[in-house]
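**Student:** First the structure, which I've put down as structure tokens, then a few questions once you've had a look.
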Amino acid sequence: MSTPEENIKTILTDWLNALRRHDLAAVERRIAPDVFWQGMRENFVCRDRAEALEMLHESQREEHGVEALELIATEEKVVLGVRSAQLQEIGDVPLGGQIFQDFTLRSGRIVRIDEYPRRGEALAAADAEDRGTWR
């Protein structure tokens, strides 16, 4: 099992930085071949690495106007929150300018991604409610 800090570094360096550079080969090395990605709606699903990479390739064609990021980690998950005025809805699911992704990691590889419209839902799903509060 990894530490929360190791998991945050994985998402920062091997996910966000690779996407920033449009380096899907780096993303491919970090996600498991059988990665499962559950999008906002039940029918928004990627069932393996090839489908996930195709979806990422399509989404990289547009700018997202990111204004803020939040990362909260546990020993096996990282919640990534993204705020952008452009994030208003996905597939008729209202987002209100934000989206949250729960990354499940095993042995440093992303094995699952779940998307949520609300922070509380994402933190609860990651069993990280107590980790997202600044003191």
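The values are calculated or read from the model by the stated rules, or taken from the named source; none is laboratory data. The model shown is predicted, which means the values in this text are computed figures rather than measured ones. So basically every Cβ, Gly included, is an ideal-geometry build from the backbone, and we count neighbours across all protein chains shown.
**Student:** Looking only at residues that are assigned to a loop (DSSP other than H, G, I, E, B) and buried (at least 16 other Cβ atoms within 10 Å of the Cβ) in the range 76-91, which one is modelled with the lowest pLDDT?
**Tutor:** So the residue we want is 87.
**Student:** Hey, another quick one. Take the residues in the range 17-53 that are loosely packed, with under 13 Cβ neighbours inside 10 Å and of a type in the set (D, E, K, R), then tell me which one is nearest to residue 99 (Cα to Cα).
**Tutor:** 41
Condition check ((1) outside any helix (DSSP H, G or I); (2) on the phi > 0 side of the Ramachandran plot; (3) hydrophobic (A, V, I, L, M, F, W, C)) across all residues:
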position: 71; (1), (2), (3): yes, no, yes
position: 100; (1), (2), (3): yes, no, yes
position: 112; (1), (2), (3): yes, no, no
position: 115; (1), (2), (3): yes, no, no
position: 121; (1), (2), (3): no, no, no
position: 133; (1), (2), (3): yes, no, no
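**Student:** Determine whether the range 28-47 contains at least one residue that is part of a loop (DSSP other than H, G, I, E, B) and within 19 Å of residue 8 (Cα to Cα).
**Tutor:** no
**Student:** Within the range 91-98, is even one residue touching a Ser or Thr at 6+ places or on another chain (Cβ under 6 Å) and within 21 Å of residue 44 (Cβ to Cβ)?
**Tutor:** No - not one qualifying residue is present in the range 91-98.
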